[in-house]
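The values are calculated or read from the model by the stated rules, or taken from the named source; none is laboratory data. Predicted model, so just to flag it, every value in this text is computed and none were measured. Here the Cβ positions follow ideal geometry from the backbone for every residue, glycine too, while neighbour counts run over all protein chains shown.
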């Protein structure tokens with residue numbers, strides 16, 4: 001993780017490789033996540049995608065979301081769309097992924113695609129509420145739509 005934050009891509013790759021080859025340690029999910037973070041922070045998005053795709057450990061939503069966030073940061077709409085598809089293959093739609101992809105499209109001026117993604121969002125946030133404890137009872141006030 002230190003290599004990732006310091007931008008030491010080659011050193012981070014070396015440590016990961018030596019962990020496996022020199023010391024015979026089997027990487028865990030956290031190690032794969034660190035490698036994806038390292039590559040994403042350096043802007044090596046396609047390399048991160050290839051790394052995730054080729055690992056022997058089944059990828060999880062966290063590493064794919066790390067890459068989706070990097071696609072957003074670096075404005076890579078094409079890869080962002082591919083990553084979103086991988087996330088959908090892993091499980092049900094998560095509204096944050098849809099928002100991230102639609103924001104990538106918006107930043108690139110791809111308004112039609114942005115609208116399509118936003119229209120597919122089915123999950124909405126629940127209205128907020130406030131509560132106050134007076135003595136031993138709790139009173140709750142729910143936000144009413146439009147107020």
Exercise for the section: Kindly establish whether residue 71 is touching a helix residue (DSSP H, G or I) at 6+ places or on another chain (Cβ under 6 Å) and either modelled with pLDDT under 95 or part of a helix (DSSP H, G or I) (or both). Expected result: yes
Handout entry: Tabulated pairs, the range 20-44, first without any contact (Cβ under 8 Å) to a residue 12 or more places away in the chain, second surrounded by 14 or more Cβ atoms within 10 Å (Cβ to Cβ) and assigned to a helix (DSSP H, G or I), C-beta under 8 angstrom, 6+ apart or interchain
Key = 25/19
Exercise for the section: May I ask you to verify whether residue 76 is surrounded by 11 or more Cβ atoms within 10 Å (Cβ to Cβ), modelled with pLDDT of 90 or more and within 24 Å of residue 4 (Cα to Cα)? Expected result: yes
Exercise for the section: With the condition kept exactly as written, say whether any residue in the range 50-59 is closer than 16 Å to residue 8 by Cα and either within 12 Å of the chain's Cα centre (by Cα) or surrounded by 14 or more Cβ atoms within 10 Å (Cβ to Cβ) (or both). Expected result: no
Handout entry: Top-ranked residue of the range 86-108 - restricted to ones that are under 15 Å from residue 120 (Cβ atoms) and not in a helix (DSSP H, G or I), ranked as nearest to the chain's Cα centre (by Cα)
Key = 94
Handout entry: Test: residue in the range 54-63 that is assigned to a helix (DSSP H, G or I), touching a helix residue (DSSP H, G or I) at 6+ places or on another chain (Cβ under 7 Å) and without any contact (Cβ under 8 Å) to a residue 24 or more places away in the chain
Key = no
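Within the range 118-133, identify whether any single residue is in a helix (DSSP H, G or I), touching a helix residue (DSSP H, G or I) at 6+ places or on another chain (Cβ under 9 Å), free of Cβ contacts under 8 Å to residues at least 60 places away in the same chain and crowded, with 16+ Cβ neighbours inside 10 Å, and answer yes or no.
The answer is no, given that none of the residues of the range 118-133 is in a helix (DSSP H, G or I), touching a helix residue (DSSP H, G or I) at 6+ places or on another chain (Cβ under 9 Å), free of Cβ contacts under 8 Å to residues at least 60 places away in the same chain and crowded, with 16+ Cβ neighbours inside 10 Å.
Is it fair to say residue 27 is within 30 Å of residue 122 (Cβ to Cβ) and over 15 Å from the mean Cα position of the chain (by Cα)? Before you say what the answer is, go through the steps one by one.
On the way: within 30 Å of residue 122 (Cβ to Cβ): no; over 15 Å from the mean Cα position of the chain (by Cα): yes.
So residue 27 does not fit the description; no.
Listed here are the residues, each with its yes/no results for (1) closer than 25 Å to residue 109 by Cβ; (2) out of contact with any strand residue (DSSP E or B) (no Cβ under 6 Å at 6 or more places or on another chain); (3) outside any helix (DSSP H, G or I).
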{"site": "23", "(1), (2), (3)": "no, yes, yes"}
{"site": "31", "(1), (2), (3)": "no, yes, no"}
{"site": "46", "(1), (2), (3)": "yes, yes, no"}
{"site": "49", "(1), (2), (3)": "yes, yes, no"}
{"site": "65", "(1), (2), (3)": "yes, yes, no"}
{"site": "84", "(1), (2), (3)": "yes, yes, no"}
Practice task
Please tell me if residue 29 is modelled with pLDDT of 95 or more and either within 30 Å of residue 102 (Cα to Cα) or surrounded by fewer than 18 Cβ atoms within 10 Å (Cβ to Cβ) (or both).
Solution key: no
Practice task
Report yes if residue 39 is crowded, with 16+ Cβ neighbours inside 10 Å and under 30 Å from residue 15 (Cα atoms), otherwise no.
Solution key: yes
